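Accompanying notes for the structure given below.
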Amino acid sequence: MMNRIYQSDIEGKPVLCFDTGLDSASFAKTKMPQCLTEPGYIVLPNGSREVWKASGVNEINESMCVWGTLFAGTRLDRLINDSESEEQKEKALQAVVFWLRAKMLLGGEETVTNPAAVIVNPEEGGQFPKGSVFFSPLNLSNRCLLMEKPDSYGTGAVDYCNCPDLAETDADAFCAGAMLYKIFSGSFPFTDSKTIYQDMRDGVFLPLHIAVPGLDKNLCDLVRSALTLPVESEKSKKKGAEITGSLLTLLMNGESNIVSPASLYRELTAQEKSHLEKENKKYLLRQNTYVRAKRFTAKNKTMLTAVILSSVIVIFLAGSFINTIRMRPTTEGMDAETVVIAYYNAFDSLDMDMMEACIKGAKKTDVNAVTSLFAISKTRQSYEQSVTGSVYTSAEEWRNSGGELPAIDVFGITDLTVQFISGSDLENTMTYRTSYYLWSPDASYSVYRTDTLTLNVDKKNNWRITDIQRDERESL
């Protein structure tokens, strides 16, 4: 182990040392000398702070080391990594609370987030009171940890608690969520070093309430909100500052007492345990299917694009451009309810042209999903010579033939109901509510959706869907 941030003795006194791993010539050529003026911060429990700056630089074992006033304590990443026993878990939880409190006390001051660059005093006595936190100078500590990482003990907190897509309070909240996940579950939420940042962006982690059955629901919800901050498709309704504030409130019993880890658990009933097991299976299936499909599309983007372009060329060569335009579906002659029904019927036949004709202004989430499946179907046809039609079976046909699970290569809608809500022909606007089950390929469950659709008359006096408001939940 090569610890690059450590306590040492220089000029006969204990100091805090930052080993840059650079020789004197390299140190001089880089911008590292600027780190001598870069501030760190010591935050005390009473809210006061001290600015820490380097006192000098010495060459130790042919490596340039920046040093300054000693802050005695334990690195936060060490406390997080060593949180297996109840006693260690309690110390780690206290350290996270100290860190959260210090972050909030600093306000908008830019400080290092990486737990490996933070030192916490978890004990009474010593130079600074219990609960004091030292934030290393940002660029100096980043340099040291870059050198330390290849052979350092327990680098998990360095890698898995920091998301490169986030900054400021969002980065703090994400880091707090990852540390708490490790303390209570025993492992970090993102553990595959090859896909770690992609997993962060896709939200690929087992929810804490499943990983640790019986853990406080509010804590699990806050951790999930923190860890989904980088996920574009699941943006948390909470902001980073709100999440960290709520975590601090939850984990502190009053102004000075920190809750014990044991107080955050409760015994589950047999029914709750059974429900969690089912939820775990559904989650893993959905996550694996979603990630596999999304990354397949990203990896084969060029091939899929080529397939789509080839299909367009074939259609173009089959007839003239004018005939192609003339044959495109429209909603001409349809009343509003017929347009709604036509839109949902197009799911089963992968008819994205009909879906495009039915909407104007509404989100194209459904159209994009059907287009992706159409492209994948064409790709599989090119590889599987025995397949001549669509590789997907409509959900209605599948159900009529017995509907056995898992629903492999099944896509479409079942049990569609359409209800008129308001509007009239005179007003040129109508509102409908629909409910249905959506079946996706390889899924062993459906998604139950309730849509509220607004339709308006376009310039050609045809009814078109201009807005879709959707609620959905998984359904066995």
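Bear in mind these aren't lab numbers, they're just calculated from the coordinates by the rules spelled out. Bear in mind the structure is a predicted one, so any value in this text is a computation, not a measurement. Glycine also receives a Cβ, built like all others from the backbone with ideal geometry; neighbour counts cover every protein chain displayed.
The table below gives the values:
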read-out: Ranking of ARG449, ARG224 by count of other Cβ atoms within 10 Å, fewest first; value: ARG449, ARG224
read-out: Burial order of peptide ranges 178-190, 86-98 (average beta-carbon count within 10 Å, highest first); value: 178-190, 86-98
read-out: Likely footprinting exposure, GLU62, GLU242, GLU396, GLU148, fewest C-beta neighbours within 10 Å first; value: GLU62, GLU242, GLU396, GLU148
read-out: Using θ = phi - 60° and Karplus 6.51 cos²θ - 1.76 cosθ + 1.60, couplings along segment 422-430 (whole Hz; Gly, Pro as x); value: 6, x, 6, 5, 5, 7, 6, 8, 9
read-out: Backbone N under 17 Å from the VAL231 label point (7 Å along Cα→Cβ), restricted to segment 462-476; value: 472-475
read-out: Separation between Cα centres of segment 216-254 and segment 183-215, rounded to whole Å; value: 15 Å
read-out: Exposure proxy ranking, count of Cβ atoms within 10 Å, fewest first, for HIS275, HIS209; value: HIS275, HIS209
read-out: Computed magnitude of the charge dipole of segment 76-123 (debye, nearest 20; Cβ of K, R +1, Cβ of D, E -1); value: 160 debye
read-out: Spacing of the two label points (7 Å from each Cα toward its C-beta) at GLU87 and LYS378, in nm; value: 6.6 nm
read-out: Nearby aspartates and glutamates by direct alpha-carbon distance to LYS29 (threshold 18 angstrom, same-chain neighbours under 8 apart not counted); value: ASP19, GLU38, GLU59, GLU62
read-out: Computed lengthening from LYS217 to TYR448, 0.36 nm per intervening residue step minus Cα-Cα distance; value: 80.7 nm
read-out: Nitroxide proxy distance, nm - points 7 Å out along Cα→Cβ at SER422 and ASN58; value: 7.7 nm
read-out: Spatially proximal aspartates and glutamates relative to LYS459 (Cα-Cα < 12 Å; intrachain offsets below 8 disregarded); value: GLU332
read-out: Segment VAL51-ASN257, extension gain: residue separation times 0.36 nm, minus the distance between their alpha carbons; value: 71.5 nm
read-out: Cross-link table LYS130/LYS182; LYS182/LYS281; LYS217/LYS364; LYS103/LYS282; LYS103/LYS237, entries beyond 26 Å C-alpha to C-alpha; value: LYS217/LYS364; LYS103/LYS282
read-out: Among 132-145, 19-32, the order from most to least packed when residues are scored by Cβ within 10 Å on average; value: 132-145, 19-32
read-out: Dipole axis of segment 1-118 (+1 Lys, Arg; -1 Asp, Glu on Cβ), positive-most option in MET32, SER85, CYS65; value: MET32
read-out: Estimated FRET transfer efficiency (ASN461, THR431; beta-carbon r; R0 22 Å; 0.05); value: 0.70
read-out: Relative packing of 261-272, 354-365, 423-434, which averages over residues the other C-beta atoms within 10 Å, highest first; value: 354-365, 423-434, 261-272
